[in-house]
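These notes are about the structure you will find just below.
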Amino acid sequence: MFGIQGKRDSRSTKHRNTSDVVGVSGLRHALNPGQLGFLTTKELEPYHGLIGQELGLEAVQFGIDVRSDNFNIFAVGPLGVGKLTAITRLLEETTPHWGQPSDWVYVNNFVDANKPLAIEMSPGHGPQFARMMVNAIDELRVGLPAMFQSDEYVTRRRSIDLSFESNQEDAIENLIEMAFTKNVQVLRTPSGFTMMPLENGEPLEPEEFQQKPVGERRVVEAKIQDLERQLGELFQSFPAQQKVRTEKLLALNEDMAKNIVATALQSVRKSFQAYEKIIRYLHAVEYDLIRHVGLFLGEEPSDVLIKGHIETEDDPQFRRYMVNVLVSRDQSEQKGGPIVKEANPTLSNLLGRVESISDSGNELTDFNMIRPGVMHLANGGVLLLDAAKLLENNFAWEGIKRALLTKQIDIESPIDDGSVSRPVTLSPEPIPLHLKVILFGERELYYKLKEVDPEFSNIFKIQAEFEDVIPRTPENELTYARIIAGIIAKHALNPIDAIGVGRIIEHSSRQAGDGQKLYINFVTLQDVLIESDYWAKKEGRKSTTHADVKKAIYFRDKRASLSKEQNKENILRDLHVVETDGAAIGQINALSVMEHGDYAFGRPSKITARVRMGSGRMVDIEREVDLGGPLHSKGMMILWGYLAGTYAQTVPLALSASLVFEQSYGEIDGDSASAAELFALLSALSQVPIRQGIAVTGSVNQQGEVQAIGGVNEKVEGFFDLCHARGLTGEQGVIVPEANRVHLMLREDVVAACGRGEFHIWSIRHINEGLEILTGLKAGKRLRNGAFEKGTVNRGVEARLFDFAHLRRAFHDGPVG
């Protein structure tokens, strides 16, 4: 079997390559509580603003100050960093200096009731207008019935009635008299009129009449038929006369009502004479009231006085005279532009809606049933919306864009859902829009909208960036402590001692995945503080200590760690094979990060490599079965470039190799295992075994330089937990990229084990450094003669590749190289 004839360094891991071992102080960027300058948070002035978000706040302030159209704002950043709270506070300082927005009311359009009229009014005038219209109708409900009971009205009406009745009676009497001259009597009966022949002024009985000669009877019958015809014509003329009577009565009613209606509306006219649109509306109201004065005739004045305004507002026959106050501004409570937030941005919640009522199976509506949306309420101010929720609601996104582009709010009628009965379509007059919109959303959503919606960038011109990770400077640490004090004050929690605050700050760095950064998520921070307070109070303490904080963090992780424990159990039961001692050729432990929601943990995996003479092809088994992503495939190509550039510059790379993540059943992507894959490949080529107590994470470039990766703390801790469960030997540890040293923020138990020499963390810059740690042999440098040093790993790799090249030449003509 091919091997290296060099001498292996048999010294234990803890004594090898000590220059690469990360010292205890570098494994966790601990905070000295003394540098905070306080004993407990009770001494701190609470801080409720943002920390480290100057760039985002400057962009928001700029967007607020620019009042030009479409300079709306998209606040980009993750949830929980305090964007909404901070921006709201900024608006509360700015918008009071804006002008007070107008009131808006809808009134009936007496020309076309399906197109209600919108009227803009000064702040507070809308409700006043509505009250005065109710008062005017109340006044008419009292005054008009009283007018119709007055002596003047009764006299004038009686005159019209008598004139009509007299005309009818005179016509009938004339016909009766004419009939008498023709010896015919006209008799009134309950069922109408009847006619009888006369003889000597006396009516003839039917028997007597029948005894008369035929010729005489025929003459009388002809007279009666002619009289009946005249009587019929007379009755046919009565409706025309009735129409004339009705017209005269209407003219009388209108004449009598004019002064009362004008008087009732006089105070409304006087109060709102500056509003040209209201004056025109009142002319239409006056004309309609006079035309429909009969609406008021069925009431007794005393009834109205008892029933009051509520009935007037609700009475269907008076609805068309009411005022629908859509938006009203209370000057005593609000100064400047309104700030409105909407948690459920549906189309109707944004732009308003027209409601309806059911009546005998039909849906009915009118201008009184127009309801405002938040764009009406926020008009003249600022509207705050969650972008993701906005896009989840059908038609809402298009609706708000249309309103912002057209600069008006157009209330849309209910969408046709296929039902038989639908409300009569209303088309309320649009209301001019002067509004600043601020959307909140994740970065991916922002760039997706820029990509797919060409109108987006024209409407939301201001991008305000907010981050959940900021530099961990002494100034930011102290501000973070003041934020903690603010949350404690808000929720009436126990104060926390400085050591406990330090523990929370360190936990924030762990969440950031960087010892020099702080993770800013106020929701998570608040939860940690509340849970720490719970443990302190459970122990009867009036101040929360670092022990309470430690317990809170521990149990938060434990509640989410089921998948992590199941994965570790599978390895311990050898269901998932990962070795943590001994040595093996072409085999190495790689580390990956598993994420379940906001919980992440490191998972060790075995990578194996097999090599043979071939045509120069490396098989990525993950890629071959569609389990490898493009970034992983890129990492594999980089390995091939490193091999060719380092070992095969004078001979063909006559190698066929295969690499695989053993027992991997899901998609693998990313290049953080490329360094481990290269180590396994070099081990397989050199036939030098790799110590299995060491795991590796890091990516590699074609020069062999090891590059930074993400999740370094989770990866280290995942392998540590496995080794600890099996028993620490002092020979175990993890190799990480040198660039990741600043990210190390390991758990205290891992740091303690490293301090006792039971576990090790090595940082490397180049593959050669890792080879020496993993194999105990020198990696080997290339000498002046072009060959690598004897007895080194690189010498063995190159020799194996030369052997493959010579073997391949045996199957082909011509020299090698």
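The values are calculated or read from the model by the stated rules, or taken from the named source; none is laboratory data. Computed from a predicted structure; not experimentally measured. Methodologically, a virtual Cβ is constructed for each residue, glycine included, from the backbone with ideal geometry; neighbour enumeration extends over all protein chains shown. When the accessible area is computed, the model is the full protein with side chains, heavy atoms only, and any ligands, DNA or RNA have been set aside. Shrake-Rupley method; radii C 1.70, N 1.55, O 1.52, S 1.80 Å.
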Just checking: which of the helices (runs of 4 or more DSSP H) contained wholly in segment 591-686 hold 3 or more residues that are at pLDDT below 85 and under 22 Å from ILE764 (Cβ atoms)?
630-647
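Just the residues that are in contact (Cβ under 8 Å) with a residue 40 or more places away in the chain, assigned to a loop (DSSP other than H, G, I, E, B) and open to solvent by less than 60 Å² (accessible area, probe 1.4 Å), please, taken from segment 772-785.
Start the filter on segment 772-785 by keeping residues that are in contact (Cβ under 8 Å) with a residue 40 or more places away in the chain, which leaves 772-778.
Now restrict to residues that are assigned to a loop (DSSP other than H, G, I, E, B): 776-778.
Within segment 772-785, GLY776, LEU777 qualify.
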Please determine, by comparing only the residues of segment 388-442 that are at pLDDT 95 or above and touching a Lys or Arg at 6+ places or on another chain (Cβ under 7 Å), which one is surrounded by the most Cβ atoms within 10 Å (Cβ to Cβ).
PHE440
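So how many residues does segment 73-94 have that are surrounded by fewer than 20 Cβ atoms within 10 Å (Cβ to Cβ) and either outside any helix (DSSP H, G or I) or not hydrophobic (A, V, I, L, M, F, W, C) (or both)? Lay out the reasoning, then the answer.
Within segment 73-94, the first condition is being surrounded by fewer than 20 Cβ atoms within 10 Å (Cβ to Cβ), and the residues that meet it are 78-80, 84-85, 88-90, 92-94.
Those still in the list that are either outside any helix (DSSP H, G or I) or not hydrophobic (A, V, I, L, M, F, W, C) (or both) too: 78-80, 85, 88-89, 92-94.
The number of residues fulfilling the criteria is 9.
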Of the residues that sit in segment 331-374 and are assigned to a loop (DSSP other than H, G, I, E, B) and open to solvent by 70 Å² or more (accessible area, probe 1.4 Å), which one is nearest to ASN108 (Cα to Cα)?
SER360
Breaking point among (1) in a helix (DSSP H, G or I); (2) crowded, with 23+ Cβ neighbours inside 10 Å; (3) of a type in the set (Phe, Trp, Tyr), for PHE62:
(2)
For segment 499-526, pairs from a residue that is in contact (Cβ under 8 Å) with a residue 12 or more places away in the chain and farther than 14 Å from ILE484 by Cβ to a residue that is open to solvent by less than 30 Å² (accessible area, probe 1.4 Å) and in a helix (DSSP H, G or I), with Cβ under 6 Å and 6 or more apart or across chains, are GLY515/SER509
Pairs, first closer than 10 Å to ALA264 by Cβ in segment 127-145, second of a type in the set (Phe, Trp, Tyr) and at pLDDT 95 or above, C-beta under 6 Å, six or more apart
ILE137/TYR321
Between GLU769, GLU758, which is assigned to a helix (DSSP H, G or I), among the acidic types (Asp, Glu), under 30 Å from LYS568 (Cβ atoms) and modelled with pLDDT of 95 or more?
GLU769
Would you pick out the residues in segment 733-758 that are open to solvent by less than 10 Å² (accessible area, probe 1.4 Å) and either under 43 Å from the mean Cα position of the chain (by Cα) or under 21 Å from ILE709 (Cα atoms) (or both)?
GLY733, VAL734, ILE735, VAL736, PRO737, ASN740, LEU744, MET745, LEU746, VAL750
Among strands (runs of 3 or more DSSP E) lying entirely in segment 97-209, which contain 3 or more residues that are under 22 Å from MET369 (Cβ atoms)?
103-107, 117-121
Hits in segment 519-538 (condition: under 27 Å from the mean Cα position of the chain (by Cα) and either of a type outside the set (A, V, I, L, M, F, W, C) or open to solvent by less than 20 Å² (accessible area, probe 1.4 Å) (or both)):
TYR519, ILE520, ASN521, THR524, LEU525, GLN526, ASP527, VAL528
When you check GLY791 against the structure, is it part of a loop (DSSP other than H, G, I, E, B), within 30 Å of LYS568 (Cβ to Cβ) and not aromatic (Phe, Trp, Tyr), yes or no?
no
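Considering only residues that are farther than 26 Å from ARG741 by Cβ and either of a type in the set (Val, Ile, Thr) or open to solvent by 50 Å² or more (accessible area, probe 1.4 Å) (or both), which ones fall in segment 495-512? So that I can check it myself, show each step before the final result.
Filtering segment 495-512 down to residues farther than 26 Å from ARG741 by Cβ leaves 495-498, 500.
Selection gives ILE496 alone.
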Looking at segment 701-712 only, could you name the residues that are out of contact with any Gly (no Cβ under 8 Å at 6 or more places or on another chain) and outside any loop (DSSP other than H, G, I, E, B)?
GLU705
Working only within segment 19-28, note down all residues that are surrounded by fewer than 16 Cβ atoms within 10 Å (Cβ to Cβ) and not in a helix (DSSP H, G or I).
SER19, GLY23
If we ask which residues in segment 443-494 are open to solvent by less than 70 Å² (accessible area, probe 1.4 Å), aromatic (Phe, Trp, Tyr) and farther than 17 Å from GLU45 by Cβ, their number turns out to be 4
For segment 715-732, which residues satisfy the criterion of being open to solvent by less than 50 Å² (accessible area, probe 1.4 Å) and within 15 Å of GLY602 (Cβ to Cβ)?
LYS715, VAL716, GLU717, GLY718, PHE719, PHE720, ASP721, LEU722, CYS723, GLN732
Consider LYS558 against the criteria (1) under 19 Å from ASN713 (Cβ atoms); (2) touching a residue at least 60 places away in the same chain (Cβ under 8 Å): it satisfies all of them except one. Which criterion is unmet?
(2)
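Residue-by-condition table, conditions (1) open to solvent by 70 Å² or more (accessible area, probe 1.4 Å); (2) at pLDDT 95 or above:
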{"position": "PRO239", "(1), (2)": "yes, no"}
{"position": "LYS248", "(1), (2)": "yes, no"}
{"position": "GLU254", "(1), (2)": "no, no"}
{"position": "LYS258", "(1), (2)": "yes, no"}
{"position": "ALA264", "(1), (2)": "no, no"}
{"position": "TYR275", "(1), (2)": "no, yes"}
{"position": "ARG280", "(1), (2)": "yes, yes"}
{"position": "ALA284", "(1), (2)": "no, yes"}
{"position": "ARG291", "(1), (2)": "yes, no"}
MET613 versus (1) under 19 Å from GLU662 (Cα atoms); (2) surrounded by fewer than 19 Cβ atoms within 10 Å (Cβ to Cβ); (3) among the hydrophobic types (A, V, I, L, M, F, W, C): which is the lone unmet condition?
(1)
Evaluation of LEU326 against (1) of a type outside the set (Val, Ile, Thr); (2) modelled with pLDDT under 90; (3) buried (at least 21 other Cβ atoms within 10 Å of the Cβ); (4) in a strand (DSSP E or B) (one fails), failing number
(2)
Note down all Cβ pairs under 6 Å where the first residue falls in segment 441-469 and is without any contact (Cβ under 8 Å) to a residue 40 or more places away in the chain, the second is part of a helix (DSSP H, G or I) and aromatic (Phe, Trp, Tyr), and they're at least six residues apart or on different chains.
LYS450/PHE456
Filter segment 29-57 down to the residues that are open to solvent by less than 20 Å² (accessible area, probe 1.4 Å), in contact with a strand residue (DSSP E or B) (Cβ under 8 Å, 6 or more places away or on another chain) and in a helix (DSSP H, G or I) and list them by number.
THR41, GLY56
